[in-house]
Amino acid sequence: MGGNVKKMAEAVRDGALSEGATVTLKEAPDATAEDVIEADAVIMGTPNYASYMSGLMKDFFDRSLFGIRGKCDGKPYATFGSYGGGGMVAIEALNKMIDGLGLKKALDSVGAQREPSSEVLEACRALGSKMAML
Ligand SMILES: Cc1cc2nc3c(=O)[nH]c(=O)nc-3n(C[C@H](O)[C@H](O)[C@H](O)COP(=O)(O)O)c2cc1C
């Protein structure tokens, strides 16, 4: 909602594009189970809102959980996110949710405290490029 996670997502996208990957970047309300099913890999991000993933990201899983489960076993995923003082708990909740769908975590998560620094944005680009090279 505030733009910090969006900046990180755009850096992840740029990293994947730099390795020649075809990238679809979507905000949670526009994402569907088919997006995950059709992708070779997925990278999802969330802010920490009230010590959990954002409501819009949770809504994505509420809408698509049964569509994805059983169709993406072993598909590589990675996560990133931004938080205030509460740390990585929302990102860990996101990891748990995606693990439960059968995908496999391929890379370490990237976290930022509030607005991503240039170092964090570089780590986001690296996340995208590493995923593209898997
Ligand atoms: C409604 C709301 C609830 C939040 N709750 C938490 C929280 O429980 N723990 C935390 O560490 N940060 C919390 N934050 C801070 C955000 O995680 C942080 O500002 C983050 O950078 C927001 O990302 P965004 O700009 O993509 O929305 C909250 C922010 C908002 C707007």
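Bear in mind these aren't lab numbers, they're just calculated from the coordinates by the rules spelled out. Every value quoted in this text rests on a predicted model; they were computed, and no experiment measured them. FYI the Cβ positions are ideal-geometry reconstructions off the backbone, even for glycines, and counts take in every protein chain you see.
Gain in length, Glu19 to Lys105, computed as 0.36 nm per residue apart minus the alpha-carbon separation, to one decimal in nm?
Gain in length upon complete extension: 29.0 nm.
Sorted from fewest to most neighbouring beta carbons within 10 Å, what does the list Thr32, Thr79 look like?
On the way: Thr32 14, Thr79 26.
By the 10 Å Cβ count, ascending, the order reads Thr32, Thr79.
Would you mind computing, in nm to one decimal, how far apart the modelled labels at Arg63 and Ser51 are, each placed 7 Å from Cα along Cα→Cβ?
2.8 nm
At 0.36 nm per residue, and after removing the present C-alpha to C-alpha distance, how many nm does the segment from Gln113 to Leu134 gain when stretched out fully?
On the way: separation 21, 0.36 × 21 = 7.56 nm, distance 2.76 nm.
That works out to 4.8 nm of additional length.
Under the 0.36 nm per residue contour assumption, what length would be gained going from the current alpha-carbon distance of Ala39 and Lys26 to full extension?
3.4 nm
Which value at 222 nm does the chain reach when only helices count, each DSSP H run of 4 or more adding -39,500 (n - 2.57), with the total divided by all residues and rounded to the nearest 500 deg cm²/dmol?
Helix-only estimate at 222 nm: -15000 deg cm²/dmol.
Find the centroid of the Cα atoms in the range 108-132 and in the range 32-53, then give the distance between the two in whole Å.
So the separation of the two Cα centres works out to 15 Å.
Once you have a ≥ b ≥ c as the square roots of the Cα gyration tensor eigenvalues for the range 35-134, tell me rounded if a/c is under 1.5, and otherwise prolate or oblate according to whether a/b is larger than b/c.
Note, shape of the range 35-134 comes out oblate.
To make sure I understand, if each residue's beta carbon is the centre and we count other beta carbons within 10 Å, what order do Glu38, Glu92, Glu115 fall in, fewest to most?
Working: Glu38 10, Glu92 16, Glu115 13.
Ascending Cβ contact count within 10 Å gives the list Glu38, Glu115, Glu92.
Would you order Val12, Val42 from fewest to most other beta-carbon atoms within 10 Å of each residue's own beta-carbon?
Arranged by neighbour count, lowest to highest, Val12, Val42 become Val42, Val12.
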